[in-house]
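Participant: Take a look at the following structure, please.
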Amino acid sequence: MNAIKNTIIQESRKWFDVASREALDAAIEEIRTDVFAAQVLASLSGKYVPWTMPALRPGAMATILNDIVINHRKTIVECGGGVSTIYISRLLKQIGSGHLYTIEHDVNWIGTLKEQVASEKEFVTFIHAPMRPLQKIRTGEWYDETVVTEALRGVLIDMLVVDGPNETVDDLQIRYAALPILKSFFAEKYSLTLDDVNRKGEKFILAEWKKQVNLNFHIVSNMAIGLQPNAYKSFI
Ligand SMILES: C[S@@+](CC[C@H](N)C(=O)[O-])C[C@H]1O[C@@H](n2cnc3c(N)ncnc32)[C@H](O)[C@@H]1O
């Protein structure tokens, strides 16, 4: 699997850079997590999954699916579709309830994903929201705020997965707006994830979000998952 191969290559490079035994152990642990997660994900296998570099790593994917099952998440909203859309919708179909709302700026990518989730289509709603300048919150772009908030009117989010939009050279913190804009849609019990927290921009975003929500964050395969103090642990 490409994701695992890339992880092994990345992690192996780290081995040669690290001076300490602790860092080496951490790198090996990351590989172990992704390899184990890939085995767990096999229970949702069916049609081939086109796993590419922008996708969540297996450990992050399995952690999200664990949270859906263990903490009974029913209304999932994700920013940025892909492998996550495929696996979450397959799981919801297997469970027989729940709904995924996928916010995506790229209409052609939505077309590709719709083909991938044709068998699960009643469990997924695609929200096509082109990139637009933000109305408030910060300078920069995010998904069209009006399109997103209108599409989610009346929806109570119990899991928010933030893996988009893609950072740009001019805006490393492009994902920041997700929480301020979507916070008012949270159900009483919810979880929040942010992928790519190994990057400078996401490190900043995570530090800011920690001030805005009362969640305990854990890091798995470069993804942070924030759980309420009374939630069951879902990280792999
Ligand atoms: C980090 S990716 C989202 C990945 C997704 N959550 C997953 O697990 O696969 C962010 C954006 O990159 C774009 N994207 C995703 N997969 C892609 C691919 N294979 N090639 C090019 N762009 C892609 C989509 O527009 C997506 O919203």
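The values are calculated or read from the model by the stated rules, or taken from the named source; none is laboratory data. What you are looking at is a predicted structure, and each value in this text was computed from that prediction instead of being measured. Here the Cβ is made from the backbone with ideal geometry for all residues, glycine too, and neighbour counts use every protein chain on show. The area values use the complete protein model at the heavy-atom level, side chains included, leaving out ligands, DNA and RNA. Shrake-Rupley method; radii C 1.70, N 1.55, O 1.52, S 1.80 Å.
Participant: For the list (1) out of contact with any Gly (no Cβ under 6 Å at 6 or more places or on another chain); (2) crowded, with 17+ Cβ neighbours inside 10 Å; (3) over 27 Å from residue 235 (Cβ atoms), I need the number of the one condition that residue 137 fails.
Facilitator: For residue 137, the exception is condition (2).
Participant: Would you call residue 81 touching a helix residue (DSSP H, G or I) at 6+ places or on another chain (Cβ under 7 Å), crowded, with 24+ Cβ neighbours inside 10 Å and assigned to a loop (DSSP other than H, G, I, E, B)?
Facilitator: yes
Participant: Scan segment 84-103 for residues that are open to solvent by 10 Å² or more (accessible area, probe 1.4 Å), within 16 Å of the ligand (Cβ to nearest atom) and within 13 Å of residue 125 (Cα to Cα) and report the count.
Facilitator: 1
Participant: Kindly indicate which of 210, 136 is among the charged types (D, E, K, R) and at pLDDT below 95. First the steps, then the outcome.
Facilitator: Numbers: 210 fails: at pLDDT below 95.
Testing whether each residue is among the charged types (D, E, K, R) and at pLDDT below 95 leaves just 136.
Participant: Name the pairs whose Cβ atoms lie under 7 Å apart, with the first residue in segment 159-187 and within 13 Å of residue 226 (Cβ to Cβ), the second in a helix (DSSP H, G or I) and near the ligand (Cβ under 10 Å from one of its atoms), and 6 or more positions between them or separate chains?
Facilitator: Correct list of pairs: 161/64; 161/84.
Participant: While we're on this one: Would you mind stating whether residue 42 is surrounded by fewer than 23 Cβ atoms within 10 Å (Cβ to Cβ), away from the ligand (no atom under 16 Å from the Cβ) and over 26 Å from residue 217 (Cα atoms)? If you could, list the steps in order and put the result at the bottom.
Facilitator: On the way: surrounded by fewer than 23 Cβ atoms within 10 Å (Cβ to Cβ): yes; away from the ligand (no atom under 16 Å from the Cβ): yes; over 26 Å from residue 217 (Cα atoms): yes.
Answer is yes for this residue.
Participant: The conditions are (1) within 19 Å of the chain's Cα centre (by Cα); (2) assigned to a helix (DSSP H, G or I); (3) surrounded by fewer than 17 Cβ atoms within 10 Å (Cβ to Cβ), and residue 115 fails exactly one of them. Which is it?
Facilitator: (1)
Participant: If residue 169 satisfies all but one of (1) farther than 25 Å from residue 63 by Cα; (2) surrounded by 15 or more Cβ atoms within 10 Å (Cβ to Cβ); (3) among the aliphatic types (A, V, I, L, M), what's the number of the condition it fails?
Facilitator: Unmet condition: (2).
Participant: Identify the residue in segment 208-227 that is open to solvent by 30 Å² or more (accessible area, probe 1.4 Å) and within 21 Å of residue 63 (Cα to Cα) and, among all such residues, is farthest from the ligand (Cβ to nearest atom). Explain how you work it out, then say what you get.
Facilitator: Applying the first criterion (open to solvent by 30 Å² or more (accessible area, probe 1.4 Å)) to segment 208-227 yields 208, 210-212, 214, 216-219, 222.
Still in the running and within 21 Å of residue 63 (Cα to Cα): 210, 214, 216-219, 222.
On the way: 210: 22, 214: 25, 216: 23, 217: 19, 218: 18, 219: 17, 222: 11 Å.
Looking at residues that are open to solvent by 30 Å² or more (accessible area, probe 1.4 Å) and within 21 Å of residue 63 (Cα to Cα), I get 214.
Participant: For segment 169-178, indicate whether the set of residues that are more than 18 Å from residue 209 (Cβ to Cβ) and within 16 Å of the ligand (Cβ to nearest atom) is non-empty. Reasoning before the result, please.
Facilitator: If we filter segment 169-178 for residues that are more than 18 Å from residue 209 (Cβ to Cβ), which is where we start, we get 169-170.
Restricting the remaining residues to those that are within 16 Å of the ligand (Cβ to nearest atom) gives 169.
There is at least one residue in segment 169-178 that is more than 18 Å from residue 209 (Cβ to Cβ) and within 16 Å of the ligand (Cβ to nearest atom).
Participant: Quick one: how many residues across segment 145-166 are open to solvent by less than 60 Å² (accessible area, probe 1.4 Å) and either charged (D, E, K, R) or outside any strand (DSSP E or B) (or both)?
Facilitator: Taking segment 145-166 as the starting set, the residues that turn out to be open to solvent by less than 60 Å² (accessible area, probe 1.4 Å) are 145, 147-149, 151-152, 155, 157-165.
If we keep only those that are either charged (D, E, K, R) or outside any strand (DSSP E or B) (or both) as well, we get 145, 147-149, 151-152, 155, 158, 163-165.
So the answer is 11.
Participant: Tally the residues that are assigned to a loop (DSSP other than H, G, I, E, B), within 15 Å of the ligand (Cβ to nearest atom) and either among the acidic types (Asp, Glu) or within 24 Å of residue 230 (Cβ to Cβ) (or both), restricting the search to segment 52-78.
Facilitator: Just the residues of segment 52-78 that are assigned to a loop (DSSP other than H, G, I, E, B), to begin with: 52-57, 71-74.
From the residues that got through so far, the ones that are within 15 Å of the ligand (Cβ to nearest atom) too are 52-57.
When the remaining residues are screened for being either among the acidic types (Asp, Glu) or within 24 Å of residue 230 (Cβ to Cβ) (or both), the result is none.
Result for segment 52-78: 0.
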